[in-house]
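Following: one structure in structure tokens, then a few remarks.
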Amino acid sequence: MTDADEVSELCHALAHPYRRVACYYLDEHGEASLTTLADCVTGWVQSDPGSDAPADYDAVRAQLHHVHLPILADAELVTYDPVEQGVAFESLSTAATELLESALRADADGGGVQTQRATTELGGERASEDEDAS
């Protein structure tokens, strides 16, 4: 994989706010359960002052399990055991570390992760992920 390919894959993996929040949490704690990450993402969504939609814990958990954690695992940012529902942060390349740090700065400077679209368009995100895979 070339450096450009790696950066492209990392940008895709970190494009969704749920995946970035999961990575921020895992960067601090190393590992977590699916339940813990769902709690973290749901709390982040609920604390976003720009979001008028309540976060649905069950929907967030399902999206993490079926969509977002597998994408992070495919990008080799995490290992995810869907049976045990455990997630562990991988050792990151220099490019991944820099990109994650830049994303965190941008999210922090922008007033938080932009979650409104993510909480209101479950079907749209799944559709766009399928399109990206083709």
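The values are calculated or read from the model by the stated rules, or taken from the named source; none is laboratory data. Computed from a prediction, not measured in an experiment: that's the story for all the values here. Please note: Cβ atoms are built from the backbone with ideal geometry, for glycine as well, and neighbour counts cover all protein chains shown.
Summary of values
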quantity: Exclusive hit being at pLDDT below 90, more than 25 Å from SER8 (Cα to Cα) and out of contact with any Asp or Glu (no Cβ under 6 Å at 6 or more places or on another chain), set ASP39, ASP58, ASP48; calculated: ASP48
quantity: Test: residue in the stretch 36-53 that is among the charged types (D, E, K, R), surrounded by 18 or more Cβ atoms within 10 Å (Cβ to Cβ), in contact with a Ser or Thr (Cβ under 6 Å, 6 or more places away or on another chain) and outside any strand (DSSP E or B); calculated: yes
quantity: Members of the stretch 1-26 found to be of a type outside the set (Ser, Thr, Tyr), more than 15 Å from ALA106 (Cβ to Cβ) and in contact (Cβ under 8 Å) with a residue 40 or more places away in the chain, listed by number; calculated: ASP3, GLU6, VAL7, GLU9, HIS12, ALA13, ALA22, LEU26
quantity: Among residues of the stretch 98-119, those that are touching an Asp or Glu at 6+ places or on another chain (Cβ under 9 Å), hydroxyl-bearing (Ser, Thr, Tyr) and at pLDDT 90 or above, counted; calculated: 0
